[in-house]
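To start, the structure under review is shown below, and the notes come after it.
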Amino acid sequence: MSDTTEKPAGGMNRRDFLKAGLAAGGAAAFGGAAAAAENDPLITEVQDWNRYLGAGVQAAPYGVPSEHEPHVVRCDVEWLTASTESSVNFTPLHELDGIITPNGLCFERHHGGVADIAPADHRLMINGLVDTPLVFTMQNLMRFPRENRVYFLECAANSGMEWRGSQFNGCQYTHGMVHCVMYTGVPLKLLLEEAGVKANGKWLLAEGADAAAMTHSIPMEKALDDCLVAFKMNGEALRPEQGYPLRLWVPDWEGNMWGKWLRQLEVGDEPWQQREETSKYTDLLASGKARRFTWVMDPKSIITNPSPQMPITHGKGPLVISGLVWSGNGQIKRVYVSIDGGRNWKTARIDGPSFFKALHRFYLDIEWDGSPLLLQSRALDEHGFYQPTKNELRAERGENSIYHNNSVQTWHVKEDGTVENVEVS
Amino acid sequence: MSKFPKALIVLLSAGVALPAFAADGGKLGLGRPATQEEVSAWDIDVRPDGTGLPEGHGTVAEGEVLFTDNCAFCHGDFGEGIGRWPVLAGGQGTLTHERPEKTVGSYWPYLSTVYDYVRRAMPFGNARSMTGDEVYALTTYILYLNDIVTDEDFELSKENFTDIYLPNEANFISDSRYDEPFNTEKHQPCMTDCKAEPAKITMCARILDVTPSSVEDDGAGTVD
């Protein structure tokens, strides 16, 4: 299918192109590589890139993706929000593989736009219930012992649009508020020790330097356990939209707690009940009660390929089903895939590094017979927590929780290879 | 004898300090003490018990003028929200409805959050531009828009702030996700014949059609 719809490659005329298309189509009809093929002009004719010199070094001092990949971008949904400065865009999960999200594709969520801060002008202050309130420059922070960790970050509102039913045709929109990056930074514990936390210092308020001055209360136990103050992502400086020059890193917990443009850490004896932990990021139940401080991200998985934005274009035969799985509750133990809407399950193969608190990549390699599929995946973590179905989740919480929707997603693969977001009985 | 002790002796006698190892757990002496003025410049958070409130006061009438001039073109004259800008008032009694309206009056648990948030982040695009008294007046006016204060002469101040409770405070509960059946069962998941009948499609994205680039907004949801 797509074999014949591709744009003519450079150096081919229209006749060559049609011939190539026929050759590819013919091969597919005869069941792939084994069939006798006509000559492929991409092979038999010398191509431009094979004859003329390509770009030299320094053509792109900071490298950018191939010009053939313009569709691999973050996307937003304009009508969701009143302004782009208080909005969200989504990671193109369907275009990615492995477990690391490229820096320029990590989804963005801002409440007051992207702050533009020169590192020399940035300060981090620790105050409140400490022996000595301290101010650090970026240079000071670079002199603390560092750690490197690969962690996933998921917005609590990821899949928040899907509570009432299937809505978005694409895992970028249904599940794209997640990314996984290797961070370099300083354990928060070391900074707090430097200031000396008083015995009654049980909570920490982290604040950003942006125009929303975003704040969130974090229990001291978590702050001293595995939080980090990070300045690098995937080896390079944080991207401005990810909090340059300094970001808090609160593994396994809601993404909005990972304070960007981090400038203040206040120690206190009670939570502050800030807007982002009362008006927002509280989970309204059908009863009218609302859960608060729902910090941990539950086990979750999503098939990224095939998916609505990634239909099957190669016809029947070998098919790689691929997806992502993660859990804020503990180590991922297994991930199951169903091709019949959850009636029967197979254990998928997890491949690549399996880091604690990181995304995992899974595959199920099948022989597709061309009949419709109802694809689902289901995560299981080391503590036995697994993903509920949508109906199980709604039965407990209703449809207005917005946050923490970790239910099983279904994709309907049709005979022609197109894929749709559906719900099943 | 190895060379190492010799080298050490040379270093010591020359008065050269040996590098200390940072991982020992001691303080590194990095950073500098913050001044009192620096702390008060940034430490503007307010807690439900009133901790962090500045001296000051403001009335409903003062708040109305400020709100009309600085807030209404996004939030509406009555806090009803223009277009997709947030709604600040109304919605009482809708939390169990199909489309709940979550506002300061219907949902927020604490008044301190209004003061704190308006002072740190509003007006959108010109944060930190309101004085302490102005934020008192705006907070009072938001209470008035939500019928929590009805007297137009009411004045909110540091002194009477914690006397005021928001109606929905008692409806906030702690995280009870781990009492939910699918989180307590923890059984080995079923692998074969888990459904009596073949799964049937009950709903398609097409039906609600809010797919980007295809159909305009049907008000199906928001990103919070």
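Share of the range B:42-171's accessible area from carbon and sulfur, percent, 1.4 Å? Don't skip to the answer; put the middle values down first.
Working: 2930 of 5830 Å².
Accessible surface attributable to carbon and sulfur in the range B:42-171 totals 50 percent.
If packing is taken as the average count of other Cβ atoms within 10 Å, what order do A:41-47, A:386-392, B:59-65, A:405-411 fall into, highest mean first?
Values: A:41-47: 12.0, A:386-392: 21.0, B:59-65: 19.0, A:405-411: 25.3.
The densest-packed peptide leads the list: A:405-411, A:386-392, B:59-65, A:41-47.
I'd like the mean, over residues of A:402-411, of how many other protein chain beta carbons sit within 10 Å of each residue's own Cβ. List each step's numbers first, then the result.
Working: counts 5, 1, 2, 0, 2, 1, 0, 0, 4, 1.
Counting Cβ atoms of other protein chains within 10 Å of each residue's Cβ and averaging gives 2.
Normalised by the residues of the range A:300-422, what does the relative contact order come to in percent, with Cα pairs under 8 Å and at least six apart? Display every interim value, and only then the final one.
Numbers: 280 pairs, mean separation 39.8, N = 123.
Computed value for the range A:300-422: 32 percent relative contact order.
Mind checking A:153-163 for the average number of partner chain beta-carbons within 10 Å of each residue's beta-carbon? Working shown, then result.
Details: counts 0, 0, 2, 1, 4, 1, 0, 4, 6, 3, 1.
Mean partner-chain Cβ count within 10 Å for A:153-163: 2.
Along the Cα→Cβ direction, 7 angstrom out, place labels at A:E45 and B:I82. What is the inter-label distance in nm?
The modelled label-to-label distance comes out at 6.0 nm.
Taking only protein heavy atoms into account and a 1.4 Å probe, give the accessible area per residue of the range B:146-185 in Å².
Working: 2310 Å² over 40 residues.
Heavy-atom SASA per residue in the range B:146-185 reads 58 Å².
Explain nothing, just the number: dipole magnitude of the range A:120-291 about its Cα centre with +1 on each Lys and Arg Cβ and -1 on each Asp and Glu Cβ, in debye rounded to the nearest 20. Walk me through the numbers before you get to the answer.
Numbers: 18 positive and 22 negative charges, 42 e Å.
Value, rounded to 20: 200 debye.
Counting only protein heavy atoms, probe 1.4 Å: which residues of the range A:133-151 lose 10 Å² or more of accessible surface in the full assembly compared with their chain by itself?
A:P133, A:L134, A:V135, A:F136, A:N140, A:R143, A:F144, A:P145
Got a sec? What order do B:K102, A:K260, A:K202 fall in by accessible area at 1.4 Å, biggest, i.e. largest, first? Numbers along the way, then the final one.
Working: B:K102 50, A:K260 25, A:K202 115 Å².
Order by accessible area, largest first: A:K202, B:K102, A:K260.
Give the interface area between chains A and B as buried accessible surface, both sides summed, probe 1.4 Å, in Å² to the nearest 100. Walk me through the intermediate numbers first.
Values: alone 20700 and 16910 Å², together 29110 Å².
Buried area between the two chains comes out at roughly 8500 Å².
List, in order, the whole-Hz ³J(HN,Hα) value for each residue of the range A:155-168 obtained from phi through the Karplus relation with A = 6.51, B = -1.76, C = 1.60 and θ = phi - 60°; use x for Gly and Pro.
5, 4, 8, 4, 6, x, 7, 9, 4, 7, x, 4, 10, 8
Rank by packing, highest mean first: peptides A:93-101, B:78-86, with packing defined as the count of other Cβ atoms within 10 Å averaged across residues.
Working: A:93-101: 20.3, B:78-86: 15.8.
Ranking, from highest mean packing down: A:93-101, B:78-86.
Along the principal axes of its C-alpha atoms, what lengths does the range A:327-425 span, in descending order and rounded to whole Å?
Principal-axis extents of the range A:327-425 (Cα, largest first): 38, 36, 20 Å.
Straight-line reach from B:K195: which lysines have Cα under 18 Å away, leaving out those fewer than 8 places along the same chain?
Of all the lysines, those that pass the test against B:K195 - Cα under 18 Å, at least 8 places apart if same chain - are A:K346, A:K390.
Under a 1.4 Å probe, what is the accessible area of the range A:293-425 per residue, stated in Å²? Present the calculation step by step, with values, prior to reporting the outcome.
Details: 4320 Å² over 133 residues.
Counting only protein heavy atoms, the per-residue value for the range A:293-425 is 32 Å².
Search the structure for amide H atoms under 5 Å from the amide H of A:Y151, placed 1.01 Å from N in the peptide plane, and list their residues when 5 or more places away or on another chain.
A:V181, A:Y183
Taking only the alpha-carbon positions of the protein assembly as shown and ignoring solvent, what does the Debye formula give for the base-10 log of I(q)/I(0) at q = 0.07, 0.11, 0.12 Å⁻¹?
Log10 of I(q)/I(0), two decimals: -0.54, -1.15, -1.31.
Probe radius 1.4 Å, ligands and nucleic acids ignored: give me the carbon and sulfur share of the accessible area of chain A as a rounded percent. Before the final figure, lay out the partial values.
Numbers: 8770 of 16580 Å².
Accessible surface attributable to carbon and sulfur in chain A totals 53 percent.
How much mean residue ellipticity at 222 nm does chain A get from its helices, if each DSSP H run of length 4 or more adds -39500 (n - 2.57) and you divide by all residues, to the nearest 500 deg cm²/dmol? Write out the running numbers ahead of the final one.
Working: 9 runs with 59 residues, N = 425.
Rounded to the nearest 500, the figure is -3500 deg cm²/dmol.
Please list 3J(HN,Hα) in residue order for the range B:174-183, calculated via the Karplus relation 6.51 cos²θ - 1.76 cosθ + 1.60 where θ = phi - 60°; whole Hz, with x for glycine and proline.
7, 4, 10, 4, 7, 9, 6, x, 5, 9
Within 10 Å of each Cβ in peptide A:266-273, how many partner chain Cβ atoms are there on average? Round it to a whole number, please.
Working: counts 5, 0, 4, 2, 4, 2, 10, 12.
The shielding value for this peptide is 5.
How do A:319-326, A:133-140 rank on mean C-beta neighbours within 10 Å, highest first?
Going from most to least packed, we get A:319-326, A:133-140.
What does the C-alpha gyration tensor say about the overall shape of the range A:120-291? Classify as rounded when a/c is under 1.5, otherwise prolate if a/b is larger than b/c, or oblate.
On the way: a/c = 2.24, a/b = 1.39, b/c = 1.62.
Judged from the Cα gyration tensor, the range A:120-291 comes out oblate (a/c at least 1.5, b/c at or above a/b).
The values are calculated or read from the model by the stated rules, or taken from the named source; none is laboratory data. Please read all numbers here as calculations on a predicted model, not as lab measurements. Positions of Cβ are generated from backbone atoms using ideal geometry, with glycine treated the same way; all protein chains shown enter the neighbour counts. Ligands, DNA and RNA are stripped out before the accessible areas are found, and what is left, the full protein with its side chains, is counted by its heavy atoms. Shrake-Rupley method; radii C 1.70, N 1.55, O 1.52, S 1.80 Å.
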